[in-house]
Amino acid sequence: MQLGGRRSDNVIDERGRGIGLPVVGGGLGMAVIALVVYLLGGDPSVVTNMTQPAPQGAPAGPGSPDPQADFVSVVLADTEDTWSSVFREQLHRTYEDPQLVLFTGAVESACGFAQQAMGPFYCPRDRRVYIDLAFYRELRERFHAPGDFAQAYVVAHEVGHHVQNLLGISNQVGAAQERSGRRGANALSVRLELQADCYAGLWAHHADKARHVVEAGDIDEALGAASAIGDDRLQRATQGEVVPESFTHGSSAQRAGWFRRGFESGRVESCNTFQG
């Protein structure tokens, strides 16, 4: 991946300043356990309130040299440039940049308390993306999805949720979920997540067209990351069976397919996962 250029001014480094709860490891790992609890409709905080020793090599705090943090800042800047252009040219609107918060172990957002075990997330209430960079180690070692483009996909997916927030899609889905039972709410959640995957592909399309960032194998890395965190694959690995009605993010094939659709089309309207 040939990603250069400016760094974003919207990165907030809270590493070492947060709540101070350590990141967990060992066994299946709380990252996987919390995901399973969430996929089955439970409360992940029951799991994430548990603590174990923090992993070695965690950043010392804000200002620590960290190529990975630098990479995330460059990716975020690239999404800013891409979506500003897409909003202007396709939607005739002005894009508003999100902020990205780097944290270690745990963080308090406007959407509540979260721990690294829950993975990266976007909070629509404060318009911030949150990520503990230790997740990239999980992505590489536990989910077998290595590569810098796989890491860029994670940021682009969360920024996709920001785009949904700006367009009012998130609020519409939330209102519809309140009128639905659990199965209906899960189905709407899947559509929302798949659209964020498509928006990540759309970013890759325009970033490559404008700045030639995609190298051979990069799209395979992104597709591998999307597939690795598909609901079916996670459920099969952790509970031995797949329960489609409990999906909240989509199957591996769905996630990879919608990313590819966004990458191939580059059009916002191509990412309407709510049709049909």
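Whether any residue in segment 212-220 is out of contact with any helix residue (DSSP H, G or I) (no Cβ under 9 Å at 6 or more places or on another chain), within 19 Å of Gly257 (Cα to Cα) and not aromatic (Phe, Trp, Tyr) is what I want to check. Checking segment 212-220: at least one residue is out of contact with any helix residue (DSSP H, G or I) (no Cβ under 9 Å at 6 or more places or on another chain), within 19 Å of Gly257 (Cα to Cα) and not aromatic (Phe, Trp, Tyr). Could you say whether any residue in segment 225-232 is hydrophobic (A, V, I, L, M, F, W, C) and at pLDDT 80 or above? Looking through segment 225-232, none of the residues is hydrophobic (A, V, I, L, M, F, W, C) and at pLDDT 80 or above.
Give me the pairs, please: first residue somewhere in segment 118-137 and on the phi > 0 side of the Ramachandran plot and of a type in the set (D, E, K, R), second residue anywhere and assigned to a strand (DSSP E or B) and at pLDDT 90 or above, beta-carbon distance under 9 Å, and either six or more positions apart or on two chains. That search, which allows pairs on different chains as well, returns Arg127/Gln99.
Taking segment 68-118 as the region of interest, the strands (runs of 3 or more DSSP E) fully inside it that hold 3 or more residues being at pLDDT 95 or above are 99-102.
The values are calculated or read from the model by the stated rules, or taken from the named source; none is laboratory data. Since this is a predicted model, take the numbers as computed values, not measurements. A quick note on method: Cβ atoms are made from the backbone with ideal geometry, for glycine too, and the neighbour counts reach across all protein chains shown.
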